[in-house]
Amino acid sequence: MDPRLPPSFTVGQARALGVPRRRVDAPDLTAPFRGARATFVVDSTAARCRAYLVVAPNTFAFSHATAALLYGIPLPRRLEASPVLHVSVPDGAAQPRRRGTIGHRGLETIVHQNGLPLVRPEVAWLQLAAVLTVDELVVAGDFLVRKKRPLSTLVRLAAAVEDAAGQRGVERARSALREVRTLTESPRESWLRLTIVRGGLPEPVVGFTVYFQGAFVGTPDLAYEQARIAIEYEGAHHRTDKNTYEDDIARREQFRRAGWLVLLVTDRMLARPSYVIAEVEALLRERGQPTRAH
């Protein structure tokens, strides 16, 4: 590797350094964008973004689905697999038109994460409203205000919606915001809650902590506190990790002693919404609770 070459550079920069054209076109370099070269494999969104920096506008930020992926916001596969980068610039600036990118105007605030300029998390969420369903937006919003390491707040999401009055998708975002909940722990947990609600059942509570005789029992993913029903999403690691598996058994026993019923829901079950709804409804009936949302 030529020591004069940084990890990513433009063809013009290489020529200015006196690097021969044959070296610039060598097969060990990648050409992720016209006029750009990279010494690393461009095999992820973050890598494509880093490679783009050398040909980017002076003032810009990654936005829309690109920013969402960099923040880790859960997206449907149709967006997750797209290699195109969304790039936003301020109003009045030339809109980026480089192949492999989609340019946008309207950039206001820029934040930096791992050396990459991004729009704010709540702005990225709002931008997604033009291409996501209400349920997909709820899951994405839950992620932003989740229990551990939240990236935003309900207040900031609401402010972003109000500031975007009239924009494409804003009404969908407003509808989704009414169903976003704090304290969630995983996107699958959010989908489980929405499955129950979309089935016409009362909405279970997120983040309800159970105590029995003054002692902490646990915080189930979802709970009907009056009926003492706990609903838990059971990911694969709950079965494959020995310590997690054994802790789960002890935890369920503690719930049983406290008088709680526990329903475990796996991915296979979640793929059959009618089954999940029937199971939850049966538990509510067993406890003499209403089975229809008011």
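Coordinate-derived values only; no laboratory data. Quantities reported herein were computed from a predicted structural model and do not represent experimental measurements. Neighbour counts run over all protein chains shown; Cβ positions are idealised from the backbone, glycine included.
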Cβ-defined net charge surrounding THR59, 15 Å radius [Lys, Arg +1; Asp, Glu -1]: -1
Roughly what percent of Cα-Cα pairs across region 187-286 reach past 21 Å? 31
Using the Cα gyration tensor of the chain, the equivalent ellipsoid's semi-axes, largest first and to the nearest Å, work out to 46, 23, 15
What are the ³J(HN,Hα) couplings of region 123-130, residue after residue, when phi is run through the Karplus curve with 6.51, -1.76, 1.60 and θ = phi - 60°? Round to Hz, x for glycine and proline. 5, 4, 4, 5, 4, 5, 4, 6
For region 166-177, what does the Karplus curve 6.51 cos²θ - 1.76 cosθ + 1.60, with θ = phi - 60°, yield as ³J(HN,Hα) per residue in whole Hz, taken in order and with x for Gly and Pro? x, 6, 4, x, 5, 5, 5, 5, 5, 5, 5, 4
Which of GLY199, GLY103, GLY12 ends up with the largest GNM mean-square fluctuation for the chain, with Cα atoms connected below 10 Å? GLY12
Computed [θ] at 222 nm, helices only, for the chain once each DSSP H run of length n ≥ 4 contributes -39500 (n - 2.57): -11000 deg cm²/dmol
What is the antiparallel percent of DSSP beta bridges lying wholly in the chain, to the nearest 5? 60
Please compute the contact order of the chain in relative form: average sequence separation of alpha-carbon pairs under 8 Å and at least six residues apart, divided by the residue count, as a percent. 10
Rounded to whole Å and sorted largest first, list the principal axis extents of the Cα atoms in region 76-200. 48, 30, 28
Is region 245-288 best put as rounded, prolate or oblate by its Cα gyration tensor, with a ≥ b ≥ c the root eigenvalues, rounded for a/c under 1.5, and otherwise prolate when a/b is larger than b/c, oblate when not? oblate
